[in-house]
Amino acid sequence: MKKSVFYGTLAMAGIAAGVAAAGTLDDVKARGKLNCGVTTGLVGFAAPDANGEWDGFDVGVCRAVAAAVLGDPKAVEFVPTTGKTRFTALASGEIDMLARNTTWTFSRDVDLKFTFVGVNYYDGQGFMVPKELGVSSAKELDGATVCIQTGTTTELNLADFFRSNNISYEPVPIETNAEAQQQYLASACDVYTTDASGLAATRATFEDPGAHVLLPEIISKEPLGPLVRHGDNEWGDVVRWTLNALVTAEELGVTSANIGEMSAGTDNPEVNRLLGTEGNLGEMLGVSADWAKNAIMAGGNYGELFEGNIGESTPIGLARGLNAQWTEGGLIYSPPFR
Ligand SMILES: N[C@@H](CCC(=O)N[C@@H](CS)C(=O)NCC(=O)O)C(=O)O
């Protein structure tokens, strides 16, 4: 008797998990909107603009997926999440995907059971200090107070770095980047540490960015990318191949400016397959034939999204570096569209 109750409970849990795990693509289509988890605000990556519209490099991924699935880059409900709340939001089904400078790690995949569909920014953890402190290396930070966002890899790397260098620190735990910025500028901490891209984005909003320096040490690997729940491979494919479409478009020279012309047909078969004038990739994915065209038109190809939101001509000023295409010596590489 006890045993059957036990198995019954397990079966119920299995069914519940199955329901929650499968069918996200159908759910999004039926809802007519993508629920996309983003940050609470990090200029260049995800933040509301002057008109209250979400904008940024990660926001661009959400809009591309909405365009691929629904034909409308505006059909997105942006759900702000903190370092701590983001994984519950995804696991519970509150959001369909998370695009929030989130690092792909072993435990987030294997233990938390999320699928990272790729990497949209190869990053690493850095340190920012006021210039007036006169510090030139992170190894000089013995005894420093450090602003650190909770629920992040940043927290764990910081502990590893100080321990392995036999130096100590006092953490000042904070929940959001806005709070970190405020605390750091109010001198509640000597140092702010997070992903180097986040430091550049944060410093760009300071009144006097030149009064703050980024130290030379990059203490970790932070491959940032969009993620979905384990167990819904069809949906994972949609998000994965949308990101790949943006990357491939840059590699093949398909831009938001020439896509109209190119989608009339070209003499490059891969461009034609990508844009749906040859083959049936869209059908295989469960979306329309022009899904990738719509995704690219949403905010441009990968390079356009990078340059427009966080690149060298923006106040954030990030160089492509590791995030250059593989053909340019970087790590950005999509599997083929065939
Ligand atoms: N990549 C790290 C850190 C991500 C993170 O939370 N970064 C902060 C600082 S750049 C952030 O995005 N904050 C935005 C917010 O507070 O909503 C992780 O996945 O744990």
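The values are calculated or read from the model by the stated rules, or taken from the named source; none is laboratory data. Model, not experiment: these values are computed from the prediction. All Cβ positions, even for glycine, are placed from backbone atoms using ideal geometry, and neighbour counts span all protein chains on display. The accessibility values were calculated without ligands, DNA or RNA, using every heavy atom of the protein model including side chains. Shrake-Rupley method; radii C 1.70, N 1.55, O 1.52, S 1.80 Å.
Here are a few things to note about the model shown:
- Quick note on segment 73-114: its Rg to Rh ratio, both from C-alpha atoms and Rh being the Kirkwood radius, is 0.98.
- The separation of segment 58-106 from segment 222-262, counted between C-alpha centres, amounts to 14 Å.
- Relative contact order computed over segment 158-241 (Cα-Cα under 8 Å; 6+ residues apart), in percent: 16 percent
- For the chain: relative contact order, % (alpha-carbon pairs under 8 angstrom, 6 or more apart): 22 percent
- Accessible surface, the chain, averaged per residue in Å² (probe 1.4 Å): 45 Å²
- Note on segment 112-188: Kirkwood hydrodynamic radius from all Cα pairs is 14.1 Å, rounded to one decimal.
- Surface composition of the chain: carbon and sulfur make up 54 percent of the accessible area, probe 1.4 Å.
- Sorting 77-90, 296-309 by their mean Cβ neighbour count within 10 Å, with the most densely packed peptide first, gives 296-309, 77-90.
- The residue among T266, A186, T85 whose Cα reaches farthest toward the positive pole of the charge dipole of the chain, with charges on the beta-carbon of Lys, Arg, Asp and Glu, is T85.
- The chain: Rg to Rh, with Rh as the Kirkwood radius over Cα pairs: 1.01
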